[in-house]
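Written out below as structure tokens is the structure these notes cover.
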Amino acid sequence: MTSFGGTASQGMVDWNLAVATATRLVRPGPEISREEARAVVAELRRHAKVSEEHVRAFTRMGTGDVHDTPVLVVDRPGWVRANVAGFRELLRPLLDKMQERRGPGAGNAVLGAVGGKVTGVELGMLLSFLSSRVLGQYETFAPAAPDLPAGTAPGGGGRLLLVAPNIVHVERELDVDPHDFRLWVCLHEETHRTQFTAVPWLRDHLEGEIQAFLAETDVDPMTFLERVRDAAQSLAGGRPEGEEEDGGRSLVELVQSPAQREILGRLTAVMSLLEGHADFVMDGVGPEVVPSVAEIREKFQQRRAKGASRLDLALRKLLGLDAKLRQYRDGERFVRAVVDEVGMDGFNRVWTSPNTLPTKAEISDPAGWVARVHRTTEP
């Protein structure tokens, strides 16, 4: 098992406890024989390989060069370990600043001893919830570990995760062809890998935006915890007078400065583009290689819309997962509208530089993006 420790950020979050908590609480996967499990893993690896060619041909992105970003077929605890490693890497600068701001004193020592464990448990609980819902993930900011290899490309590699028990669970729940569904999922995740391997500046740009967002966070630990507490109370219906307009926002959105909201707008646009593009590609490639793609998409959309229990819906709202569902929908509409108007090559101008990425407003106004990026100099 990967161990996470040794830096100042360890004091703010007990990462090992987060992993242990999530692993202990994670729900068991679907019942499956050892032979069937091996067959699922082997098929997912084959589909991931085949998906590379399909995605490149459809998107006209990337080359035939072999990428060193590995494909890992994992279980739910494996997904947890990979994501804790990614969170720790991204949050390190912020947590180190918060650690430095504590200063000496018995009270701060107690905060350090207890706070890190409390945060570790809370993070573990959230990860256990999420670990049964993710089908696949391209980890952009993945640090390499002995049991979790990552790419070694300049500027940082990545890895593609396929969560086998969750894929099996959903294909059974939807009652769809399992072989078609597994390939369909792989097409989506391979599109994300292609986005980052074919667009060299995209990873650094996204990391820069995330770090700028975190840099705007108040680094005083007590103030930060008070803002989180106030946000949670607001979502629970106890928001302060005069702040009713915030009732529809998630916890992530509420813990923000005005500068963070500007950055979040740009991040929302980029994530909508990436997720919508992946949905567009998986359905666009589908008819040629996934015979039952129409049935899969219809049933999958119904599952997304239906949601689950009231607790599940509340957690989705709290974590901002409902916003992610909107990103799939709005982003796919943007990509489809642009491709319909200017073709795939015209759409691919979106990858030219950060300046050609759509704004949050343009995600809802594809014609506005086309007018700006395809502005002609002809009289």
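Residues in the range 12-25 that are surrounded by 20 or more Cβ atoms within 10 Å (Cβ to Cβ) and out of contact with any Asp or Glu (no Cβ under 9 Å at 6 or more places or on another chain) were compared, and the one that is modelled with the lowest pLDDT is 13. Looking only at the range 177-216, filter to residues that are crowded, with 20+ Cβ neighbours inside 10 Å and among the β-branched types (Val, Ile, Thr); which one of those is nearest to residue 290 (Cα to Cα)? Step by step, filter the range 177-216, then rank; the result is 185. Criterion applied to 103, 64, 107, 86 was being touching a Pro at 6+ places or on another chain (Cβ under 9 Å), small (Gly, Ala, Ser) and at pLDDT below 90, and the one residue passing it is 86. Residue-level check: of (1) of a type in the set (Lys, Arg); (2) surrounded by 15 or more Cβ atoms within 10 Å (Cβ to Cβ); (3) at pLDDT below 90, residue 229 misses just (2). Considering only residues of the range 364-379 that are of a type in the set (D, E, K, R) and under 15 Å from residue 346 (Cβ atoms), which is modelled with the highest pLDDT? Among residues in the range 364-379 that are of a type in the set (D, E, K, R) and under 15 Å from residue 346 (Cβ atoms), the one modelled with the highest pLDDT is 372. When residue 131 is tested against (1) surrounded by fewer than 23 Cβ atoms within 10 Å (Cβ to Cβ); (2) modelled with pLDDT of 85 or more; (3) of a type in the set (S, T, N, Q), only condition (1) is not met.
Of the residues 305, 294, 323, the single one that is modelled with pLDDT of 80 or more and either exposed (fewer than 15 other Cβ atoms within 10 Å of the Cβ) or assigned to a helix (DSSP H, G or I) (or both) is 294. If you go through the range 196-220 and pick out every residue that is touching a Gly at 6+ places or on another chain (Cβ under 9 Å) and in a helix (DSSP H, G or I), you end up with 6.
The values are calculated or read from the model by the stated rules, or taken from the named source; none is laboratory data. Model, not experiment: these values are computed from the prediction. All Cβ positions, even for glycine, are placed from backbone atoms using ideal geometry, and neighbour counts span all protein chains on display.
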